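K.L.:
The structure's right below; bear with me while I get my questions together.
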Amino acid sequence: MLNPWKYDVEFLSELNGGSVKPVKNSTDLRLDPLAGSGCPFLLSNTDFRVETRGNTESERVTTVGRKRNQVQLLRRSAPSSLAVLAPSVPITDAGLPGGPAFVQAQDSWDKVIVFRLGSKQANGQRTVEVLEIGARRDGESIWLTQPVDQAVFGSPIITPDGVIGLVQDEQTGTFLPEDVLRAPVLLKMN
């Protein structure tokens, strides 16, 4: 999520109530290499750019606390809500291929792989757990047959034939657009 606070009803309630205020130009996006080698990539350094796709869906929610408050909450699991982080320097290493059109068109997949990012170890590297689960098409979304936790949000959804989407929440993913699927390197694994 590019702006995680816009998906958090409690924080939005505090923001609308005036008890917290964002500091202008204080946010940045940081991408850390999983292998622990190399420097992090920062949006503020123009190491990558953010390309938003589609329209983020929202809903008006009434919060209950010391007083009732109306907030505009963004929906994390919407097929039209996607941001692509594109590196400023072309990547030429081999990566995971995008799944062919016939694989994306299927109604279900017996086995897909998603990744759970773990905490940093003593050696400075992060752990990555591979989860094997089933998935099925749910209109324009991908429905995971087993719920996952926040550490899986943003993971690619990989079939034996290639990547078809990204995990958005506990049981929902979005299909990747055609131009992203056909990019020379979709995801580099170390």
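The values are calculated or read from the model by the stated rules, or taken from the named source; none is laboratory data. All figures in this text were calculated on a predicted structure; none of them were measured in a lab. Cβ sites come from the backbone with ideal geometry, for glycine too, and all protein chains shown count toward neighbours.
K.L.:
Mind checking which residues of the range 13-30 are out of contact with any Leu (no Cβ under 6 Å at 6 or more places or on another chain) and either outside the structural domain of Asp47 (by TED's automatic domain parsing) or surrounded by 10 or more Cβ atoms within 10 Å (Cβ to Cβ) (or both)?
P.N.:
Step one: filter the range 13-30 for residues out of contact with any Leu (no Cβ under 6 Å at 6 or more places or on another chain), giving 13-27.
Scanning the range 13-30 gives Ser13, Glu14, Leu15, Asn16, Gly17, Val20, Pro22, Thr27.
K.L.:
Something else: Please work out if Gln121 is of a type in the set (S, T, N, Q), loosely packed, with under 15 Cβ neighbours inside 10 Å and within 19 Å of Leu31 (Cα to Cα).
P.N.:
Yes, satisfied.
K.L.:
Okay, moving on. Would you mind stating whether Thr145 is without any contact (Cβ under 8 Å) to a residue 12 or more places away in the chain and either surrounded by 15 or more Cβ atoms within 10 Å (Cβ to Cβ) or among the hydroxyl-bearing types (Ser, Thr, Tyr) (or both)? So that I can check it myself, show each step before the final result.
P.N.:
Working: without any contact (Cβ under 8 Å) to a residue 12 or more places away in the chain: no; either surrounded by 15 or more Cβ atoms within 10 Å (Cβ to Cβ) or among the hydroxyl-bearing types (Ser, Thr, Tyr) (or both): yes.
No; evaluated as a whole, the condition is false for this residue.
K.L.:
Can you tell me which residue in the range 75-95 is surrounded by the fewest Cβ atoms within 10 Å (Cβ to Cβ), limited to those that are at pLDDT 75 or above and aliphatic (A, V, I, L, M)?
P.N.:
Val89
K.L.:
For the range 154-171, which residues satisfy the criterion of being crowded, with 18+ Cβ neighbours inside 10 Å and in a strand (DSSP E or B)?
P.N.:
Once the filter is applied, which keeps residues that are crowded, with 18+ Cβ neighbours inside 10 Å and in a strand (DSSP E or B), the range 154-171 yields Pro156, Ile157, Ile158, Thr159, Val163, Ile164, Gly165, Leu166, Val167.
K.L.:
Related question: What are the residue pairs meeting all of these: first residue in the range 155-180, first residue without any contact (Cβ under 8 Å) to a residue 24 or more places away in the chain, second residue of a type in the set (Lys, Arg) and crowded, with 18+ Cβ neighbours inside 10 Å, Cβ atoms under 9 Å, and 6 or more apart or on different chains?
P.N.:
Here the result reads none, with nothing in the range 155-180 linked to a residue that is of a type in the set (Lys, Arg) and crowded, with 18+ Cβ neighbours inside 10 Å.
K.L.:
Also: What is the residue count in the range 125-153 for residues that are part of a helix (DSSP H, G or I) and among the aromatic types (Phe, Trp, Tyr)?
P.N.:
If we filter the range 125-153 for residues that are part of a helix (DSSP H, G or I), which is where we start, we get 150-152.
Add one more test, that the residue is among the aromatic types (Phe, Trp, Tyr), and what stays is none.
Of the residues in that region, 0 qualify.
K.L.:
Return yes when Arg116 is in a strand (DSSP E or B), surrounded by fewer than 20 Cβ atoms within 10 Å (Cβ to Cβ), of a type in the set (Lys, Arg) and under 17 Å from the mean Cα position of the chain (by Cα) and no when it is not.
P.N.:
Details: in a strand (DSSP E or B): yes; surrounded by fewer than 20 Cβ atoms within 10 Å (Cβ to Cβ): yes; of a type in the set (Lys, Arg): yes; under 17 Å from the mean Cα position of the chain (by Cα): yes.
For Arg116, the condition - in a strand (DSSP E or B), surrounded by fewer than 20 Cβ atoms within 10 Å (Cβ to Cβ), of a type in the set (Lys, Arg) and under 17 Å from the mean Cα position of the chain (by Cα) - is met.
K.L.:
Filter the range 12-66 for residues that are among the acidic types (Asp, Glu) and either closer than 27 Å to Ala78 by Cβ or at pLDDT below 75 (or both) and give the result. So that I can check it myself, show each step before the final result.
P.N.:
Start the filter on the range 12-66 by keeping residues that are among the acidic types (Asp, Glu), which leaves 14, 28, 32, 47, 51, 57, 59.
Glu14, Asp28, Asp32, Glu51, Glu57, Glu59 - these are the residues of the range 12-66 that are among the acidic types (Asp, Glu) and either closer than 27 Å to Ala78 by Cβ or at pLDDT below 75 (or both).
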